[in-house]
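Visitor: I'd like to ask you about the structure that follows.
The values are calculated or read from the model by the stated rules, or taken from the named source; none is laboratory data. Just so it is clear, the model here is predicted, and its values are computed rather than measured. Because the Cβ atoms are built from the backbone with ideal geometry, glycine has one as well, and the counts that use them run over all protein chains shown. The protein model used for the area step is the full one, side chains on, heavy atoms only, and it has no ligands, DNA or RNA in it. Shrake-Rupley method; radii C 1.70, N 1.55, O 1.52, S 1.80 Å.
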Amino acid sequence: MHTVFCDVAVIGAGPAGLAAAIAAKQEGAANVLLIERDTAPGGILQQCIHPGFGLQLFREELTGPEYAGRFVKEAREAGVELLSDTMVLSIGEDHILTCANPEKGLVEIHPGAIVLAMGCRERTRANIRIPGERPAGVYTAGTAQRLINRQNAMVGRRVVILGSGDIGMIMARRMTLEGAKVEAVVELLPYLAGLTRNRVQCLDDFDIPLLLSHTVTAIEGKRRVEAVRIAQVDQQRRPIPETERTIPCDTLLLSVGLIPENELTRAAGIEMDSITNGPSVDQRMETSRPGIFACGNVVHVNDLVDNVTAESRTAGACAARYALGTLPRGQALGVAHGSGVRYVCPQRLDAAAGGKAALYFRVAAPGGKTVLTARCGETILARRTVPRVSPGEMCRLDIDTAHLTAPVTVEAQEVEA
Ligand SMILES: Cc1cc2nc3c(=O)[nH]c(=O)nc-3n(C[C@H](O)[C@H](O)[C@H](O)COP(=O)(O)OP(=O)(O)OC[C@H]3O[C@@H](n4cnc5c(N)ncnc54)[C@H](O)[C@@H]3O)c2cc1C
């Protein structure tokens, strides 16, 4: 068995892992090892050739590969060591990682601290149980994106997309630009699942119909998809039989949600949040296991990579401080999601950390003018009024944690429809 020692080991070289590794180096960790199962770093961004990345961070519209490329270069220059083609299999006692590498075989890594940055994967047909035949032509939107953008393989000519998440809408535009006809984007919910800007730029600009409160009820075709049946759903999200109709098509793309890749996290006995399906963390992105930090989509699914980079820098810097023995530890205070809020990340605050903490959260339902509040008892820590809210768009409040002594609650109250 190959054995490697380092200060900080980062699992996953997507935008989260890259930002965390660079920050760990900048914080003074001498040896930072970035472990990636893929051949190249960059994560999901390698296949996202559309613009829209880095608007907040760089005030520029970059493509996914351009955004990732900046961090790959910075990591190399900072002296981060990349171990690619290497899959982390388990996290053992004393932070020991067991990995598999095609040349080295099993590799045992002994880090001072760990950052989990494994991203997420897409839900498939099996996760949502669409009835009907099992023909070729049913893809997750991300798989279709990878085939078209990285392998130059067109997946179909006449397409229906189930789910109005960002990947689905981006693929609606991409398929259209490649000459396919997108018949409709079909969404179960009565509101858009992704960002409004993607609806405008990817659907409205290309006259692609969005059917809210609809679902796919069956897939037809023996060898290849020949049609899908769709129907409107009632308030309990049950198909209304008399509204069912058939759309002839050869391809069905699924954009029906993402699952954070937390098999390693669960097996390591780390406390999980049942809503985000990611580990519970504090404002330093530390999980319930001291010395194990987490960031990016493995913690909660982010719509903007800029947020991923910001929280990952925190995770990497704090992991380095843990490894160097300079991370203070104080009383843990909970962060609760109050009325109108579905979840908040981080789920707790460490009173010893001090300084500002960013609270990222999603509202439970779409609304008009809404007041977002973070409070500690009767004390308002942060308050902001926004013109509208949607579960598809992450909200953020920054609070000062210097003198906190009690749990914090985040609420969203609609004041004007
Ligand atoms: C299709 C799509 C379009 C998007 N469009 C935009 C956009 O326009 N603008 C924007 O700001 N954001 C966009 N996003 C969101 C943004 O890209 C993501 O939030 C971001 O990429 C998440 O980064 P991550 O590092 O957490 O995950 P990922 O990029 O998924 O990286 C995770 C990495 O971990 C590796 N890994 C996993 N498990 C292991 C293991 N056990 N061992 C070793 N390595 C492992 C994976 O191979 C992968 O490289 C988009 C996302 C998608 C999917």
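Visitor: Considering the range 368-395 alone, what residues qualify as being under 23 Å from the mean Cα position of the chain (by Cα) and either modelled with pLDDT under 95 or part of a loop (DSSP other than H, G, I, E, B) (or both)?
Guide: Of everything in the range 368-395, those that are under 23 Å from the mean Cα position of the chain (by Cα) and either modelled with pLDDT under 95 or part of a loop (DSSP other than H, G, I, E, B) (or both) turn out to be 388, 390, 391, 392, 393, 394.
Visitor: Report whether or not residue 217 is among the polar types (S, T, N, Q) and modelled with pLDDT under 95. Let's see the steps before the verdict.
Guide: Values: among the polar types (S, T, N, Q): yes; modelled with pLDDT under 95: no.
No: the conditions fail for residue 217.
Visitor: Checking residue 183 against (1) touching a helix residue (DSSP H, G or I) at 6+ places or on another chain (Cβ under 6 Å); (2) part of a strand (DSSP E or B), only one condition comes out false. Which one?
Guide: With (1) touching a helix residue (DSSP H, G or I) at 6+ places or on another chain (Cβ under 6 Å); (2) part of a strand (DSSP E or B) applied to residue 183, the lone miss is (1).
Visitor: Quick check: is even one residue across the range 71-81 more than 19 Å from residue 36 (Cβ to Cβ) and open to solvent by 50 Å² or more (accessible area, probe 1.4 Å)? I'd like the intermediate steps shown before the answer.
Guide: Kept after step one, since they are more than 19 Å from residue 36 (Cβ to Cβ), are these residues of the range 71-81: none.
The answer is no, given that none of the residues of the range 71-81 is more than 19 Å from residue 36 (Cβ to Cβ) and open to solvent by 50 Å² or more (accessible area, probe 1.4 Å).
Visitor: Same structure again: Just give me the residues in the range 53-95 being assigned to a helix (DSSP H, G or I) and on the phi > 0 side of the Ramachandran plot, in sequence order.
Guide: Kept after step one, since they are assigned to a helix (DSSP H, G or I), are these residues of the range 53-95: 64-78, 93-95.
Within the range 53-95, 94, 95 meet the criteria.
Visitor: So residue 126 passes all but one of these: (1) at pLDDT 95 or above; (2) open to solvent by 30 Å² or more (accessible area, probe 1.4 Å). Which condition number does it fail?
Guide: Failed condition: (1).
Visitor: Next up: Taking the criterion of being of a type in the set (Ser, Thr, Tyr) and either farther than 27 Å from residue 268 by Cα or within 14 Å of the ligand (Cβ to nearest atom) (or both), would at least one residue in the range 3-23 satisfy it? First the steps, then the outcome.
Guide: To start, the set of residues in the range 3-23 that are of a type in the set (Ser, Thr, Tyr) comprises 3.
From the residues that got through so far, the ones that are either farther than 27 Å from residue 268 by Cα or within 14 Å of the ligand (Cβ to nearest atom) (or both) too are none.
Within the range 3-23, none of the residues are of a type in the set (Ser, Thr, Tyr) and either farther than 27 Å from residue 268 by Cα or within 14 Å of the ligand (Cβ to nearest atom) (or both).
Visitor: Residue 309 fails exactly one of the following numbered conditions: (1) closer than 21 Å to residue 328 by Cβ; (2) in contact with a Pro (Cβ under 9 Å, 6 or more places away or on another chain); (3) not in a loop (DSSP other than H, G, I, E, B). What is the number of that condition?
Guide: (1) is the only condition that residue 309 fails.
Visitor: Restricting to the range 344-400, and then to whatever is of a type in the set (Lys, Arg) and touching a residue at least 60 places away in the same chain (Cβ under 8 Å), can you tell me which residue is most open to solvent (accessible area, probe 1.4 Å)?
Guide: Restricting attention to the range 344-400, the residues satisfying the condition of being of a type in the set (Lys, Arg) are 348, 356, 362, 369, 375, 383-384, 388, 396.
If we keep only those that are touching a residue at least 60 places away in the same chain (Cβ under 8 Å) as well, we get 348, 396.
Working: 348: 47, 396: 95 Å².
Applying the filter and picking the extreme gives 396.
Visitor: Counting only residues that are of a type outside the set (Lys, Arg) and at positive phi, which one in the range 118-135 is farthest from the ligand (Cβ to nearest atom)? Give the derivation first.
Guide: Restricting attention to the range 118-135, the residues satisfying the condition of being of a type outside the set (Lys, Arg) are 118-120, 122, 124, 126-128, 130-133, 135.
So of that shortlist, the ones also at positive phi come out as 119, 132.
Working: 119: 2, 132: 26 Å.
Among those residues, the one meeting the criterion is 132.
Visitor: Go through the range 289-325 and count every residue that is among the charged types (D, E, K, R) and over 13 Å from the mean Cα position of the chain (by Cα). Let's see the steps before the verdict.
Guide: From the range 289-325, those among the charged types (D, E, K, R) are 289, 303, 306, 311, 313, 321; that's our starting set.
Subsequent filtering for residues that are over 13 Å from the mean Cα position of the chain (by Cα) retains 289, 313, 321.
The total comes to 3.
Visitor: Which number in (1) open to solvent by less than 10 Å² (accessible area, probe 1.4 Å); (2) over 19 Å from residue 195 (Cβ atoms); (3) within 16 Å of the ligand (Cβ to nearest atom) marks the one condition that residue 314 misses?
Guide: It fails just one condition, (1).
Visitor: A further question on this structure: Taking residue 189 as the residue in question, decide whether it is away from the ligand (no atom under 13 Å from the Cβ), closer than 30 Å to residue 387 by Cβ and not in a helix (DSSP H, G or I). Walk me through it before giving the result.
Guide: On the way: away from the ligand (no atom under 13 Å from the Cβ): yes; closer than 30 Å to residue 387 by Cβ: yes; not in a helix (DSSP H, G or I): yes.
For residue 189, the condition - away from the ligand (no atom under 13 Å from the Cβ), closer than 30 Å to residue 387 by Cβ and not in a helix (DSSP H, G or I) - is met.
Visitor: I need the full set of residues from the range 141-166 which are open to solvent by 50 Å² or more (accessible area, probe 1.4 Å) and either within 13 Å of the ligand (Cβ to nearest atom) or part of a loop (DSSP other than H, G, I, E, B) (or both), in order please. Steps first, please.
Guide: Here is the first cut: in the range 141-166, the residues open to solvent by 50 Å² or more (accessible area, probe 1.4 Å) are 143, 146, 150-152, 154, 157-158.
Listed by number, the residues that qualify are 143, 146, 150, 152, 154, 157.
Visitor: Pairs please, first residue from the range 52-65 and assigned by TED's automatic domain parsing to the domain that holds residue 15, second anywhere and of a type outside the set (D, E, K, R) and assigned to a loop (DSSP other than H, G, I, E, B), Cβ atoms under 6 Å, 6+ apart in sequence or on different chains.
Guide: 60/54; 62/54; 63/49; 64/48
Visitor: Quickly run through the range 1-44 and pick out the residues that are assigned to a helix (DSSP H, G or I), surrounded by fewer than 24 Cβ atoms within 10 Å (Cβ to Cβ) and of a type in the set (A, V, I, L, M).
Guide: 44
Visitor: Quick one: would you say residue 339 is hydroxyl-bearing (Ser, Thr, Tyr), outside any loop (DSSP other than H, G, I, E, B) and either open to solvent by 40 Å² or more (accessible area, probe 1.4 Å) or within 30 Å of residue 60 (Cβ to Cβ) (or both)? Break it down stepwise before answering.
Guide: Numbers: hydroxyl-bearing (Ser, Thr, Tyr): yes; outside any loop (DSSP other than H, G, I, E, B): no; either open to solvent by 40 Å² or more (accessible area, probe 1.4 Å) or within 30 Å of residue 60 (Cβ to Cβ) (or both): yes.
No: the conditions fail for residue 339.
Visitor: Please state which one of 138, 88, 115 is within 21 Å of residue 323 (Cα to Cα) and either open to solvent by 50 Å² or more (accessible area, probe 1.4 Å) or more than 10 Å from the ligand (Cβ to nearest atom) (or both).
Guide: Details: 138 fails: within 21 Å of residue 323 (Cα to Cα); 88 fails: either open to solvent by 50 Å² or more (accessible area, probe 1.4 Å) or more than 10 Å from the ligand (Cβ to nearest atom) (or both).
Result: 115 is the single residue among 138, 88, 115 that is within 21 Å of residue 323 (Cα to Cα) and either open to solvent by 50 Å² or more (accessible area, probe 1.4 Å) or more than 10 Å from the ligand (Cβ to nearest atom) (or both).
Visitor: Just checking, which of 113, 117 is assigned by TED's automatic domain parsing to the domain that holds residue 63 and within 19 Å of residue 305 (Cα to Cα)? Reasoning before the result, please.
Guide: Details: 113 fails: within 19 Å of residue 305 (Cα to Cα).
One residue alone meets the criteria, 117.
Visitor: Separate question: Could you give me the residue pairs with C-beta distances under 6 Å whose first residue belongs to the range 86-97 and is in the same structural domain as residue 33 (by TED's automatic domain parsing), whose second residue is open to solvent by 50 Å² or more (accessible area, probe 1.4 Å) and part of a loop (DSSP other than H, G, I, E, B) wherever it lies, and which are 6+ apart or on separate chains?
Guide: Close Cβ pairs satisfying both conditions: 87/37.
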